[in-house]
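*Asks:* This is the structure I want to talk about, given as structure tokens.
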Amino acid sequence: MKSMLVVIALVFSISGAYAATEKEKKAPSPAQQAQQEKMKTCNADARAKDLKGDERKKFMSECLGAKSAPAQQAAAPTTQQGKMKACNAEAGSKALKGDERKKFMSECLKADKP
């Protein structure tokens, strides 16, 4: 009987400790936040390119594996992202496809560089 009470007490103490740790989730580190943003950007780019299956896997692998200069990341991450969105929207409104779209995007993204 005493052993049964001990087991029940242990179960309740363990479940209480588990509930407390679930409530105390840590905020993501700056590196984790940067990776999450990179995932969002790569996913949006893959969606915009309408990639599926193996093409999408390959694109995501390359996109997430791409290293960018730390100074470039800190200096203007939203500027480059803003340029991408604007150029993408313009290419979409012009209904550009294939090589024409690639050429347009390249020129559009280079246009604002100093």
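*Asks:* Rank these for me by crowding, Cys63, Cys87, going from fewest to most other beta carbons within 10 Å.
*Replies:* Cys63, Cys87
*Asks:* Which of Arg56, Arg47 has the fewest other C-beta atoms within 10 Å, and how do the rest follow up to the most?
*Replies:* The fewest-first ordering by Cβ neighbours comes to Arg47, Arg56.
Coordinate-derived values only; no laboratory data. Computed from a predicted structure; not experimentally measured. Don't worry about glycine lacking a Cβ; one is built from the backbone with ideal geometry, like all the others, and counts go over all protein chains shown.
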